[in-house]
1. Collect the residues in segment 35-54 that are assigned to a loop (DSSP other than H, G, I, E, B) and within 11 Å of ligand 1 (Cβ to nearest atom), keeping them in residue-number order.
2. In segment 35-56, what residues are out of contact with any helix residue (DSSP H, G or I) (no Cβ under 7 Å at 6 or more places or on another chain) and surrounded by fewer than 19 Cβ atoms within 10 Å (Cβ to Cβ)?
3. When you go through (1) more than 16 Å from residue 222 (Cβ to Cβ); (2) part of a helix (DSSP H, G or I); (3) within 16 Å of ligand 1 (Cβ to nearest atom) one by one for residue 12, which number turns out not to apply?
4. Within segment 78-103, track down each residue that is over 14 Å from residue 190 (Cβ atoms), within 16 Å of ligand 2 (Cβ to nearest atom) and in contact with a helix residue (DSSP H, G or I) (Cβ under 8 Å, 6 or more places away or on another chain).
5. If you scan segment 72-101, which residues turn out to be over 23 Å from residue 182 (Cβ atoms) and buried (at least 21 other Cβ atoms within 10 Å of the Cβ)?
6. Given the conditions (1) exposed (fewer than 12 other Cβ atoms within 10 Å of the Cβ); (2) within 16 Å of ligand 1 (Cβ to nearest atom); (3) touching a residue at least 24 places away in the same chain (Cβ under 8 Å), which single one is not true for residue 104?
7. Being in contact with a strand residue (DSSP E or B) (Cβ under 9 Å, 6 or more places away or on another chain), surrounded by fewer than 18 Cβ atoms within 10 Å (Cβ to Cβ) and in a helix (DSSP H, G or I) narrows it down to one of 66, 61, so name that one.
8. Does at least one position in segment 126-142 carry a residue that is outside any strand (DSSP E or B), modelled with pLDDT under 95 and either under 26 Å from residue 79 (Cα atoms) or within 18 Å of the chain's Cα centre (by Cα) (or both)?
Ligand code: CTP
Ligand code: MG
């Protein structure tokens, strides 16, 4: 089947505290969004890329990549889930959606390979890149206080960080997101909607260098990882 990359890029990047949405900050001679789009498009199994943009976006049309034949745009929504569902609604029944954050330019080709290879397994229904939790995990007492206090230590066994890309049949994912949103479930990634709909989601152990650029300190880290991958 055909794998279509869906890239939510309609966020404002408030935690990054920059003068523009973080996907338009530059690493080397390209924006973060360009690094991400070109990395995905370079994969031989990704036939096209759909990017969700803020309706008021002034930056995208200035990028060289904006005219690429493999690229289409849709309007993003108020939440990441809304942005993803707008893109999914343009996909065909036989297509797989490989959803990947614009803010994760460091994803590597081996991890794209292992994820996309899953679509060739009989009966495969979906998978995400993930990495096992390394630190000891504390649950704080609920209720906002000036100084958070430990309620208990979580069992770290079988605990993973969910990364992107996340790969699912496009229409099954669209339906899952719609039902999860309708039920008031918090949908912070695609897998959470698929889990809610009762689908099995596989975890693929991947390179932890695939960070989401979120705060200012993540930018030099991403620059380092991108330079490493070129060496
Ligand atoms: N995103 C989106 N539409 C939204 C919100 C987020 O397409 N309404 C995208 C972002 O552009 C980003 C990805 O979803 O590529 C992951 O979200 P996040 O890292 O939270 O980015 P922002 O929402 O932009 O950042 P912040 O939460 O700090 O404002
Ligand atoms: Mg956000």
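1. Step one: filter segment 35-54 for residues assigned to a loop (DSSP other than H, G, I, E, B), giving 42-45, 54.
Within segment 35-54, just 54 meets the criteria.
2. Start the filter on segment 35-56 by keeping residues that are out of contact with any helix residue (DSSP H, G or I) (no Cβ under 7 Å at 6 or more places or on another chain), which leaves 36, 39-42, 44, 47-48, 54-56.
Within segment 35-56, 41, 42, 44, 47, 48, 54, 55, 56 meet the criteria.
3. Evaluating residue 12 over (1) more than 16 Å from residue 222 (Cβ to Cβ); (2) part of a helix (DSSP H, G or I); (3) within 16 Å of ligand 1 (Cβ to nearest atom) leaves (2) as the failure.
4. Result: 102, 103.
5. Keep residues of segment 72-101 that are over 23 Å from residue 182 (Cβ atoms), which gives 72-73, 92, 94-96, 98, 100-101.
Residues satisfying the conditions are 96, 98, 100, 101.
6. Of everything listed in (1) exposed (fewer than 12 other Cβ atoms within 10 Å of the Cβ); (2) within 16 Å of ligand 1 (Cβ to nearest atom); (3) touching a residue at least 24 places away in the same chain (Cβ under 8 Å), residue 104 misses just condition (1).
7. Working: 61 fails: in contact with a strand residue (DSSP E or B) (Cβ under 9 Å, 6 or more places away or on another chain).
Only one candidate passes the filter, namely 66.
8. yes
The values are calculated or read from the model by the stated rules, or taken from the named source; none is laboratory data. Please read these numbers as outputs of a predicted model, since none were measured by experiment. Glycine also receives a Cβ, built like all others from the backbone with ideal geometry; neighbour counts cover every protein chain displayed.
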